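All remarks here apply to the structure that follows.
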Amino acid sequence: VVKTSGKMSYRFFDRQYHDSIRARIDRKAELRHALDADQLILYYQPRVEVATGETCSMEALVRWAHPTRGILEPIDFIPLAEETGLIVPLGEIVIDKVCAQIACWSRQAQPVVPVSINVSPRQFNESDVTTVLRKALLRHGVAPALVEIELTESSMTADNVHVARSLENMQRLGIALAVDDFGTGYSSLSQLQRLDFDVLKVDKAFTAELEKTREGSVFFTAIITMAHALGMRVVAEGVETAGQARQLKQLDCDELQGYFISLPLPATETQPVLARCVL
Ligand code: C2E
Ligand code: MG
Ligand code: MG
Ligand code: MG
C-alpha cells in the first residue's frame, strides 16, 4: 500500500512538474510574441522638483498591452523576462521607444524633460547597453542629456568591473545615472562614491515610514545629508500624501515622485503635467 501511494504521488508530482515547465515555455513564447507584435507600451511618471514645483523629468514604466488580459504591469512579466533572458530584447525595445517618444514630443514642439529608463542587471551582463543607447539616441536624433539610466543596487554589488565600465561609458556620453530603490539592496556606500551616481532614488518603503515613525525621518535625513555631500540629487519614491511631501520638503529632498504628484501616464496624457506647477 505504501509503495503504491508513493508511486502515485511521485507520478502526480511528475505530471505537475511537466505541466509547470510546459506553462513556462508557453508563457515565454507568449512574451516573445508580445515583443515581436509590438504589444509593449510605456507609461511616464513625472518627477517634480521641490524648489520649483515643476516636473523636471519622467520615469518610463513598461506595460504589456495584452490582447485579452488588458494592460499588464511589470510584476506580471518582468520577472519572467529576467529569468528567460528576454529582458535583453525587451530592454532594447524600451530604450528605442523612449527615444522615439522624446523625438515625437520635440517634433510637436511640446515641452520636453529628461526621461529615466530602468535597466536590469542582465542587460548589462549580456548586452552592450551603452552601444544600444548610443545608437537609439542617434537614430532618433535625441540628446544624451535627455535620458537617464536607473539601476537597482543589486546591479552594482559584486565588484563587477564590466558593469562599472559600462556605467562610466554612459556618463562619458552625457547620460545621467540614478540608483533605484535605494535602501533595499546591499550596495556598499563606497560603491556609490566610486561610481559617481548623479541621482539617488530612495525606495518607497522609507517614504511610507515618514508619517508612521520618528525613525522614518531620521533615515531620510541621513540619506539626504550623505547624498548631498557626495553631490547627488535625492528623489523620494512613492510619495502618496501631502504630509509626506511637506516633510520631504523640510528635509531638503530635491525631487518627489509618487501618486500624490501623478500616476504613471500614457504618453498622450503627460503634457498637462509638464505645463503647470504640480506641487
Ligand atoms: P521602479 O523602477 O521602482 O518604479 C516605481 C514603481 O512604483 C512603479 O511601479 C510605479 O508605478 C510605482 N509607484 C509610483 N508611485 C507610487 C506610489 O505613490 N505608491 C506606490 N505604492 N507605488 C508607486 P511599476 O510601473 O509597476 O513598475 C515596477 C517595477 O518594474 C519598477 O520599479 C522597475 O523596477 C520595473 N520596471 C518597470 N519598467 C521597466 C523597464 O522598462 N525595464 C525594466 N528592466 N524594469 C522595469
Ligand atoms: Mg525605477
Ligand atoms: Mg524605484
Ligand atoms: Mg521600487
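The lone criterion from (1) closer than 25 Å to E49 by Cα; (2) within 15 Å of ligand 2 (Cβ to nearest atom); (3) not hydrophobic (A, V, I, L, M, F, W, C) left unmet by Q123 is number (1). Residues in the stretch 251-263 that are surrounded by 15 or more Cβ atoms within 10 Å (Cβ to Cβ) and within 21 Å of V62 (Cβ to Cβ): Q257, G258, I261, S262. Identify, please: which residue in the stretch 81-118 is part of a loop (DSSP other than H, G, I, E, B) and small (G, A, S) and is, among those, nearest to ligand 3 (Cβ to nearest atom)? So the residue we want is G85.
Condition check ((1) surrounded by 20 or more Cβ atoms within 10 Å (Cβ to Cβ); (2) in a loop (DSSP other than H, G, I, E, B)) across all residues:
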position: K28; (1), (2): no, no
position: P46; (1), (2): yes, no
position: T52; (1), (2): no, yes
position: P79; (1), (2): no, no
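Would you call R122 among the charged types (D, E, K, R) and modelled with pLDDT under 90?
yes
In the stretch 100-119, the residue that is modelled with the lowest pLDDT out of those that are under 23 Å from R165 (Cβ atoms) and open to solvent by less than 50 Å² (accessible area, probe 1.4 Å) is V119. For the stretch 176-207, the set of residues classified as more than 13 Å from ligand 4 (Cβ to nearest atom) and modelled with pLDDT under 80 consists of Y186, S187, S188, L189, S190, Q191, L192, Q193, R194, L195, listed by residue number. Restricting the search to helices (runs of 4 or more DSSP H) fully inside the stretch 165-250 and requiring at least 3 residues that are more than 16 Å from ligand 1 (Cβ to nearest atom), under 21 Å from S155 (Cα atoms) and open to solvent by 50 Å² or more (accessible area, probe 1.4 Å) gives 189-195.
Out of curiosity, is T221 within 13 Å of Q247 (Cβ to Cβ) and at pLDDT 85 or above? Yes, satisfied. E150 meets the stated requirement of being outside any loop (DSSP other than H, G, I, E, B) and within 16 Å of ligand 1 (Cβ to nearest atom). The set of residues in the stretch 151-164 being polar (S, T, N, Q) and either modelled with pLDDT under 80 or surrounded by fewer than 19 Cβ atoms within 10 Å (Cβ to Cβ) (or both) consists of S154, S155, T157, N160. Among the residues making up the stretch 119-140, those that are in a helix (DSSP H, G or I) and free of Cβ contacts under 8 Å to residues at least 40 places away in the same chain are Q123, N125, T131, R134, K135, L137, L138.
The values are calculated or read from the model by the stated rules, or taken from the named source; none is laboratory data. Only a predicted model underlies this, so the values are computations on that prediction, with no experimental measurement involved. Neighbour counts run over all protein chains shown; Cβ positions are idealised from the backbone, glycine included. The accessibility values were calculated without ligands, DNA or RNA, using every heavy atom of the protein model including side chains. Shrake-Rupley method; radii C 1.70, N 1.55, O 1.52, S 1.80 Å.
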